Amino acid sequence: MRVREMVEDDITAVAGLRVRGWQAAYSGLMPQAYLDGLSVAEDAERQREYFSRGLGVMVNLIAESARGEPVGWACLGPSRDPDVPAGDAELYALYVRPELIGTGVGHTLLTESLARARERGFPRMLLWVLKENARARRFYERAGFAPDGREQSDEVAGVDVAEVRYALRLSPPPDGSRPGTG
């Protein structure tokens, strides 16, 4: 497996990873009718717009199998949260083909995402994870992320879905605070 920068030709594959990822990871956590109605074609159209707007700002990474097919995707860039200091990074997304969860693909993508954020000088990386998604929360906690106390809810098909923000310090804290939360 190798990790490389995403190119425009990867958009449909990424949309497939996202849709299948949502359907697998969020089953039981979001309305099933909503998950069943997700469309790869519609997601690919949205991804084309995001990809073209984010060039130079966002980092999109693809994990490729030995045969050269995308098996995972991660996207990061500047934090979108207004309550954090300017300059923090955010991991917007990390998806792995559902049948490959637990094989190291996600860990490899996360490791490369953290390296890219450090290269760009981000002091911390933030991410949002569904509060009830125990598997994802364990994954990020094993990587050193910790909840920073912020929670939010988004409405999905008429149901409130709670999220928890996680943080990881990428550079030494200037004030000696505990790594991971600073």
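The values are calculated or read from the model by the stated rules, or taken from the named source; none is laboratory data. Keep in mind that what you see is a predicted model, and the values were worked out from it rather than measured. When we count neighbours, we look across all protein chains shown, and the Cβ atoms used for this are built from the backbone with ideal geometry, even at glycine. For accessibility, only protein heavy atoms count, side chains too; no ligands or nucleic acids. Shrake-Rupley method; radii C 1.70, N 1.55, O 1.52, S 1.80 Å.
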- Can you confirm whether the stretch 160-168 contains a residue that is modelled with pLDDT of 95 or more, aromatic (Phe, Trp, Tyr) and assigned to a loop (DSSP other than H, G, I, E, B)? no
- Message: Within the stretch 24-64, take every residue that is among the polar types (S, T, N, Q) and under 26 Å from residue 125 (Cβ atoms) and give me the one that is surrounded by the fewest Cβ atoms within 10 Å (Cβ to Cβ).
- Response: 52
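Quick one: which of 143, 162, 134 is open to solvent by less than 60 Å² (accessible area, probe 1.4 Å) and either of a type in the set (Asp, Glu) or without any contact (Cβ under 8 Å) to a residue 12 or more places away in the chain (or both)? Before the answer, list the steps.
Numbers: 143 fails: either of a type in the set (Asp, Glu) or without any contact (Cβ under 8 Å) to a residue 12 or more places away in the chain (or both); 162 fails: either of a type in the set (Asp, Glu) or without any contact (Cβ under 8 Å) to a residue 12 or more places away in the chain (or both).
It is 134.
Test residue 97 against the criterion of being more than 29 Å from residue 9 (Cβ to Cβ) and at pLDDT 95 or above, and give yes or no.
Values: more than 29 Å from residue 9 (Cβ to Cβ): no; at pLDDT 95 or above: yes.
For residue 97, the condition - more than 29 Å from residue 9 (Cβ to Cβ) and at pLDDT 95 or above - is not met.
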- Query: Counting only residues that are more than 19 Å from residue 111 (Cα to Cα) and in contact (Cβ under 8 Å) with a residue 60 or more places away in the chain, how many does the stretch 1-12 have?
  - Reply: 1
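Among the residues of the stretch 65-77 satisfying the criterion of being surrounded by fewer than 14 Cβ atoms within 10 Å (Cβ to Cβ) and not aliphatic (A, V, I, L, M), which is farthest from residue 115 (Cα to Cα)?
Of the residues in the stretch 65-77, the ones surrounded by fewer than 14 Cβ atoms within 10 Å (Cβ to Cβ) are 66-69.
From what's left, not aliphatic (A, V, I, L, M): 67-69.
Working: 67: 25, 68: 22, 69: 23 Å.
So the residue we want is 67.
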- Within the stretch 18-39, can one find any residue that is within 16 Å of the chain's Cα centre (by Cα), at pLDDT 95 or above and among the β-branched types (Val, Ile, Thr)? yes
- Task: Look through the stretch 128-157, keep the residues that are closer than 18 Å to residue 30 by Cβ, assigned to a strand (DSSP E or B) and among the aliphatic types (A, V, I, L, M), and return whichever of them is modelled with the lowest pLDDT.
- Result: 156
